[in-house]
Amino acid sequence: MAEPIRLDGRAALVTGSIGGLGYAMASELAAAGASVVLTSLEAPEDVEPQRAAMARAHGGAVHYVQADLTDRAALRALVVKASDLCGGIDILVNNAVVRHFAPVETFPLDAWDRALAVNLSAALIATQLVLPGMRARGYGRIFNMTSVYGSRATVQRVDYVTTKTALQGLTRAIALETAGSPVSCHALTPGSVLTPIWQQRVEALMAEKSISRAEAEALFLDGKQPSGTFVSPDSVAQVMLLLCGPAGPDMNGGIVPIEGGWLANG
């Protein structure tokens, strides 16, 4: 049986990582021995409990850097700071995301521009900044967090669908330019994960229809995830960890589904 993947001596930067899926992935990396840099818009004092909890749980170095990813100068400063804290970045997880709900014909252009900046351009710029160091150190993993909506569409979410689709193309382009090297790039494609935004939707359904949590979740996922259950953040994190090991280069450019059969259903 293969030994568990260890990342001692490695360092990871995970954007959008003080809660939900980003926090779960960062925690998995820390548990495997990596130093981790968390980042979000929140002030450091507001996220100290999350940072400290992860450090206590895994005994490694866990840092936090506040950054607004719509600001390219702030994004560059984030990567420089993270590299300085850890002696370089070996694993980059482009997880930060914004979304807005509106029909195409009334979709506000400021929300569109923000989604392009955070969901897409930030992933390219961060990759540009960390890739030379990865090549020099002989190891690198780049993960772009896409979605089933990178292969499907839905209404009133044109920013999300467009940027998640584009991230798959970005992943393939980076993979071709790193092919044959110890650096690889992958797109992780979760279905519906029980993040805070969907937790609120489920609770609203429970109250509106006077149904149990299990019934509300099944109703929410009807016509989407054939599994009938939300994808666990830990499942996504475990797939990422697998690709941090020797399988990574062999799966370079993979658009990896973790979506309860959603994409198999038509």
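Summary table
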read-out: Residue under evaluation His186, criteria (1) part of a helix (DSSP H, G or I); (2) crowded, with 20+ Cβ neighbours inside 10 Å, criterion not met; value: (1)
read-out: Segment 29-46 - residue that is in a loop (DSSP other than H, G, I, E, B) and hydrophobic (A, V, I, L, M, F, W, C) and, of those, surrounded by the fewest Cβ atoms within 10 Å (Cβ to Cβ); value: Ala43
read-out: Pair list, Cβ < 6 Å and 6+ apart or interchain, from segment 195-214 residues that are touching a residue at least 24 places away in the same chain (Cβ under 8 Å) to residues that are assigned to a helix (DSSP H, G or I) and of a type outside the set (A, V, I, L, M, F, W, C); value: Thr195/Gly20
read-out: First in segment 90-109 and among the hydrophobic types (A, V, I, L, M, F, W, C), second anywhere and assigned to a loop (DSSP other than H, G, I, E, B), Cβ under 6 Å, 6 or more apart; value: Ala96/Gly16; Ala96/Leu69; Phe101/Gln156; Ala102/Gln156
read-out: Candidates Ala12, Ala26, filtered to the one that is farther than 17 Å from Asp84 by Cβ, under 17 Å from the mean Cα position of the chain (by Cα) and crowded, with 24+ Cβ neighbours inside 10 Å; value: Ala26
read-out: Members of segment 105-153 found to be β-branched (Val, Ile, Thr), in contact with a Gly (Cβ under 9 Å, 6 or more places away or on another chain) and modelled with pLDDT of 95 or more, listed by number; value: Val118, Val130
read-out: Residue match in segment 65-73 (condition: modelled with pLDDT of 95 or more, of a type outside the set (Lys, Arg), in a helix (DSSP H, G or I) and surrounded by fewer than 20 Cβ atoms within 10 Å (Cβ to Cβ)); value: yes
read-out: Criterion (surrounded by 16 or more Cβ atoms within 10 Å (Cβ to Cβ), part of a helix (DSSP H, G or I) and touching a helix residue (DSSP H, G or I) at 6+ places or on another chain (Cβ under 9 Å)) met by exactly one of Ala57, Ala96, Ala117; value: Ala117
read-out: Residue among Val118, Val36, Val79, Val62 that alone is farther than 26 Å from Lys164 by Cα and of a type outside the set (Phe, Trp, Tyr); value: Val62
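The values are calculated or read from the model by the stated rules, or taken from the named source; none is laboratory data. If you're wondering where the values come from, they're calculated on a predicted model, not measured in any experiment. As a convention, Cβ positions derive from the backbone with ideal geometry for all residues, glycine included, and neighbour counts pool all protein chains shown.
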